[in-house]
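Read the figures in this text as sums done on the coordinates, not as results from a lab. Remember, it's a predicted structure, so these values are computed and weren't measured experimentally. Note: ideal-geometry Cβ built from the backbone for every residue, glycine included; neighbour counts use all protein chains shown.
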Amino acid sequence: MSELTTIARPYAKAAFEFAVDKGAVDAWNEMLFFVGEVAKNEQVAQFLSSSASAEKQAETMIQICAEQLNEYGQNLVKVMAENGRLVALPAVAQLFAAFKADYDKEIDVDVVSATELAAAQQEKLAAALEKRFARKVKLNCSVDNSVVGGLVIRAGDTVIDGSISGKLSRLATTLQS
């Protein structure tokens with residue numbers, strides 16, 4: 001996967017910079033999401049990694065995506081096909097979405113708790129996290145009984161483990177040292 005990310009990064013960056021220049025970041029995000037999902041399809045993925053000509057691959061992707069691709073999106077597909085990189089389309093879409101989130105000053109935060117959080121708790125948590133990260137926060141809440149109590153919060157590379165099971169684990173490690 002990291003190899004595809006390395007391949008996809010320059011395409012995603014170029015597409016993002018172009019979208020910012022044209023003021024069409026949301027449209028490009030939707031377009032790349034659609035193309036990325038099409039490229040994930042098992043049959044399409046097989047075709048893209050086959051020995052079919054670059055021209056045939058680009059033509060087929062453009063036909064499949066039809067109205068979802070504007071002329072610039074079609075050009076991106078053609079360039080990626082010429083370079084044999086169409087298999088990286090899902091990674092391009094994912095990186096583009098990350099660039100967009102950073103541009104929009106948004107962050108996805110995964111919150112795991114022992115019980116379901118009430119709406120008021122989610123609002124209070126979101127407000128505190130927005131203050132800490134200086135970004136708009138989108139909470140993805142889930143329930144895991146193994147947490148026992150408290151919360152485990154993951155935002156990008158940051159993990160805040162305020163769970164009882166995490167505290168017990170740290171205590172056990174300290175006692176064993």
Checklist outcome for this item: Rounded to the nearest 500, the 222 nm mean residue ellipticity computed for the chain from DSSP H runs (n ≥ 4, each -39500 (n - 2.57)) alone is -20000 deg cm²/dmol
Checklist outcome for this item: In nanometres, the difference between 0.36 nm per residue of separation and the alpha-carbon distance of GLN46 and PHE33 is 2.8 nm
Checklist outcome for this item: Least to most buried among ARG9, ARG85, by other C-beta atoms within 10 Å and fewest first, runs ARG9, ARG85
Checklist outcome for this item: Counting sequence-distant residues (5 or more places) and residues on other chains, those with an amide H built under 5 Å from that of CYS141 are VAL111
Checklist outcome for this item: Karplus-derived 3J(HN,Hα) from phi for the stretch 14-29 (6.51 cos²θ - 1.76 cosθ + 1.60, θ = phi - 60°), whole Hz, x at Gly and Pro, runs 5, 5, 5, 4, 5, 5, 5, 4, 8, x, 10, 4, 5, 4, 5, 4
Checklist entry - Ordered by residue, what ³J(HN,Hα) values in Hz, to whole numbers, does the stretch 146-156 give under the Karplus form 6.51 cos²θ - 1.76 cosθ + 1.60, where θ = phi - 60° and Gly and Pro are x? => result 5, 5, 6, x, x, 9, 10, 10, 10, 9, x
Checklist outcome for this item: Most exposed to least, judged by fewest other Cβ atoms within 10 Å, SER113, SER165, SER49, SER146 sort to SER146, SER49, SER165, SER113
Next on the checklist: Please enumerate, by chain and number, the lysines with C-alpha under 16 Å from the C-alpha of LYS138, excluding those fewer than 8 residues away in the same chain.
Outcome noted: LYS100, LYS105, LYS124
Checklist entry - How big is the convex hull of the Cα atoms of the stretch 105-176, per residue, in Å³? => result 86
Next on the checklist: What translational diffusion coefficient, to the nearest whole µm²/s, does the stretch 2-100 have by Stokes-Einstein, given a Kirkwood radius computed over alpha-carbon pairs, a temperature of 25 °C and 0.890 mPa s viscosity?
Outcome noted: 188
Next on the checklist: I'd like the FRET efficiency for ALA54 and GLU106, computed as 1/(1 + (r/R0)^6) with the beta carbon distance as r and R0 of 35 Å, rounded to 0.05.
Outcome noted: 0.50
Item to check | Overall Cα dimensions of the chain - principal axes, largest extent first, Å | outcome: 63, 37, 27
